[in-house]
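Below: the structure, in structure tokens.
The values are calculated or read from the model by the stated rules, or taken from the named source; none is laboratory data. These figures come from a predicted structure and were not determined experimentally. Heads up, the Cβs are rebuilt from the backbone with ideal geometry, glycines too, and the neighbour counts pull from every protein chain shown. For the accessible areas, the whole protein counts, side chains as well, though only heavy atoms, and no ligand, DNA or RNA atoms are used. Shrake-Rupley method; radii C 1.70, N 1.55, O 1.52, S 1.80 Å.
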Amino acid sequence: MSSREIHVVVVGISTAGIGVARKVAALATNGFPNLRVTIIDKNAYTYHSIGAPRGIVDKEFGRSLFFRLDTLLTEFEASAKPKHRFIQALLTNVNKETIELSTGETLEFDYLVLATGAENTFPGNVNARTLEDGRAKLARLYENVQAADNVLVIGGGA
């Protein structure tokens, strides 16, 4: 068990970033009470793109593909005063022990995880800054598919 505060910053909250952030935050309730995690992403949500094809034809399933990031680490809080944090911003600069964000904020870290991943095109990736905008964008595609006389699928994946 460590007695000093340990700050882990995870930039990019998609598949890899979620996994790392949740595993590290879980340590705060299991032997590392002085550990805190800050997650940073340009969007307020994450979108599970693996379900995109079904989400296009099943409106409710499509809505379930979006997850808010501000509550991602809530279950790992050990007290009423939260120590884990979500910041919606872009990373603008990385230094030896600090990062700078598009909000103008500078954060110190002990460990930095860059999990920015790759960008895919719509509908495999829904590029919108808010959860509501992302869901609305997918809903418009759903409505277009429902109104179409024909749909052509090119490539079905592996």
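Side notes on the structure shown:
- Neighbour cut-off at most 13 other Cβ (10 Å), DSSP loop, trypsin sites (Lys or Arg not before Pro), the stretch 99-147: 129
- Close amide-amide hydrogen proximity is noted between residue 45 and 69, each under 5 Å apart and 5 or more residues distant or on a separate chain (H modeled in the peptide plane; Pro and chain starts excluded).
- Relative contact order, percent, the chain [alpha-carbon distance under 8 Å, six or more residues apart]: 29
- Compactness of the stretch 36-92 is given as radius of gyration and Dmax, 14.3, 42 Å, from Cα positions.
- DSSP loop GluC sites (Glu not before Pro) with at most 14 other Cβ within 10 Å: longest gap in the chain: 6-76
- Rg and Dmax over the alpha-carbon atoms of the chain stand at 18.2, 64 Å.
- In this structure the stretch 10-81 gives 51 Å² per residue of accessible area when probed at 1.4 Å with all protein chains present.
- Dimensions in Å of the stretch 72-154 - Rg and Dmax from alpha carbons: 18.9, 57
- Cross-link pairs exceeding 25 Å between alpha carbons, from the set 59/81; 42/96; 42/83; 23/81: 59/81.
- One equal scatterer on each Cα of the stretch 1-66, no solvent, Debye formula: the resulting log10 I(q)/I(0) at q = 0.13, 0.20 Å⁻¹ is -0.49, -0.80.
- Apportionment of accessible area to carbon and sulfur, the stretch 29-158, percent (1.4 Å): 51
- The C-alpha atoms of the chain define a longest principal axis, and helix 15-27 lies at about 30 degrees to it.
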